[in-house]
Amino acid sequence: MAVLFGSAKTAVKIKGYGDGFLLSVDPKASEDHLLKATIRIFRQLRNLAAGALVQVDAGSWAGSSLWADRLAPVLQDRFAVSGVLPYGEPPESEGAEIIATPSASETQVLTGRVRSGQRVTTERHLVVLGDVNPGGEVVAGGDIYVMGSLRGTAMAGSPGDSTSIVMALDYRPMQLQIGSHVADHHTPGKPGQVVYASVVDGEVVVADYLQENPFAKAPVLTWRT
């Protein structure tokens, strides 16, 4: 998304970011000025804002969280954005729960590692471009794909969908559940081997992703819901 509004002289700038927008605000400006400037920018966006996820960057996690909370009611009520979240990663000392806000896509993408004490939840498929550390937890209504090490807890197909899978480049989960089926053993993947877990005959089993591609028999391109 190549939308870009604002200039070096303005206290509010916006640009396309992922499946939504990144809104940069100057925390030194007055609340009234930032609110008016933000409304003016979103009026220019018109229908592009509807359903978009907006992340707010105020230069620090605390500032971004503060301004995300202040702007959320305005942007959601007036411009129908899907959500307003602070930009960046919370301090490691905070055991924050991150809720992925649904968008037009059937998949949520999270960039960065899930640290101990953090919980990521989404009603859709989840792709983590990073690691899930021990003590971290990822929960998805569909599949979970970890483009790194899975060493925490993963719960796919929540609640009750046993057709989902969990895939990781480095598969070493502390706990794993697919639908209502909990893995009673944890078979780590071999170095350099991509594996996935699925439910077969009522049990969670682990297989080589490349040798037993779970999507190899798909007849046509389709949305996976």
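Observations, loosely collected:
- Entry remark, the stretch 136-157: residues being open to solvent by less than 50 Å² (accessible area, probe 1.4 Å), outside any strand (DSSP E or B) and either touching a Lys or Arg at 6+ places or on another chain (Cβ under 6 Å) or small (Gly, Ala, Ser) (or both) number 5 in total.
- When the test is whether a residue is modelled with pLDDT of 80 or more, surrounded by 14 or more Cβ atoms within 10 Å (Cβ to Cβ) and in contact with a Lys or Arg (Cβ under 8 Å, 6 or more places away or on another chain), LEU22 passes it.
- Residues located in the stretch 106-130, provided they are open to solvent by less than 50 Å² (accessible area, probe 1.4 Å) and of a type in the set (D, E, K, R): ARG115
- The set of residues in the stretch 191-205 being modelled with pLDDT under 90 and under 26 Å from ARG115 (Cβ atoms) consists of PRO191, GLY192, GLN193, VAL194, VAL195.
- Leading residue by the ranking (nearest to ASP208 (Cα to Cα)) among those in the stretch 168-185 that are surrounded by fewer than 22 Cβ atoms within 10 Å (Cβ to Cβ) and among the hydrophobic types (A, V, I, L, M, F, W, C): LEU169
The values are calculated or read from the model by the stated rules, or taken from the named source; none is laboratory data. Note that the structure is predicted; figures quoted are calculated from it, not measured. Using ideal geometry, Cβ is built from the backbone for each residue, glycine included, and neighbour counts are taken over all protein chains shown. Protein only, heavy atoms only, side chains kept; ligands, DNA and RNA dropped before computing areas. Shrake-Rupley method; radii C 1.70, N 1.55, O 1.52, S 1.80 Å.
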